[in-house]
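The values are calculated or read from the model by the stated rules, or taken from the named source; none is laboratory data. Please read these numbers as outputs of a predicted model, since none were measured by experiment. Neighbour counts are summed over all protein chains in view; Cβ atoms, including those assigned to glycine, are modelled from backbone coordinates with ideal geometry.
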Amino acid sequence: MAQLQLDKVSKAFGAVQAVRELSFLVPQGSIYGLLGPNGAGKTTTIRMIMRIVLPDAGTILLDGEAVDDLKRERIGYLPEERGLYRKMQVLEHLAFLGEVRGLSRDEARKRARNWLERLGLADKASAKVEALSKGMQQKVQFAAAVIHDPPLVILDEPFTGLDPIATRQFKDEILQMAKGGVTVLFSTHVLPQAEELCTHYCLINRGRALFAGTAEEVRKRYAKPQLKLATADGAPPPE
């Protein structure tokens, strides 16, 4: 179980108000899209959830309790900035990160091998991270975020820099996690990506929520009316 709630959360950096009284609820098992243009406050919001920066006001709750360092261990996090140890071998690196997240050494290696297989990187297990393409490194970091089976997964712009095949892989993994009851929150500035995956959205701009609700509510609110013309026999009219 993992339900995330933000209530009137705000954050300023000097004179810049990055997030303004932002509120939304991420239901358990949902795929929740934090959608907005670059600079809207999405990454700052995610960093506050992860306690990388602390909010100036408001509350952030995970399953009804404040997110502290212990609860943060229940979150799988893929940051916008990719951070891997470039000189380590891929399998060893992923297994090491699994151990950091509380897995035994044997279990960490087992899960690391499984994720490399799932993401098409089995043949890169002995390669150094620095030898991988950016897209491959992103796959490794995605695996590192979820290797400990967290009930809540937060992905900050997860599709940036991925080719279409890798993008499809990530989307399939997100859908599979949600089917298993995992709650997924991801940020994006690309509407079609959100439309394909999300059950819920928060539309954000200049740090404020423009709308928060289900995908169906978003469609009803923002759908453009269309006028269709046809002749009496049902055929389209001549041009």
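Taking the listed residues Ala125, Ala144, the one that is in contact with a Gly (Cβ under 9 Å, 6 or more places away or on another chain) and of a type outside the set (Asp, Glu) is Ala144, with no other qualifying. Within the range 193-239, restricting attention to residues that are in contact with a Leu (Cβ under 6 Å, 6 or more places away or on another chain) and modelled with pLDDT of 65 or more, which residue is farthest from Ala12 (Cα to Cα)? Once the filter is applied, the top-ranked residue is Ala194. Taking the listed residues Phe159, Phe170, the one that is at pLDDT below 95, surrounded by 15 or more Cβ atoms within 10 Å (Cβ to Cβ), within 15 Å of the chain's Cα centre (by Cα) and assigned to a helix (DSSP H, G or I) is Phe170, with no other qualifying.
Residues of the range 19-34 that are out of contact with any His (no Cβ under 8 Å at 6 or more places or on another chain) and either not small (Gly, Ala, Ser) or not in a strand (DSSP E or B) (or both): Val19, Arg20, Glu21, Leu22, Phe24, Leu25, Gln28, Gly29, Leu34.
The residue pairs whose first member lies in the range 104-125 and is closer than 19 Å to Phe170 by Cβ, whose second member is part of a loop (DSSP other than H, G, I, E, B) and not hydroxyl-bearing (Ser, Thr, Tyr), and whose beta carbons are closer than 6 Å, counting only pairs six or more residues apart or on different chains, are Arg111/Ile147; Leu116/Ala125.
Restricting attention to the range 37-85 and to residues that are in a loop (DSSP other than H, G, I, E, B), touching a strand residue (DSSP E or B) at 6+ places or on another chain (Cβ under 7 Å) and of a type in the set (Gly, Ala, Ser), the residue that is farthest from Phe96 (Cα to Cα) turns out to be Ala40.
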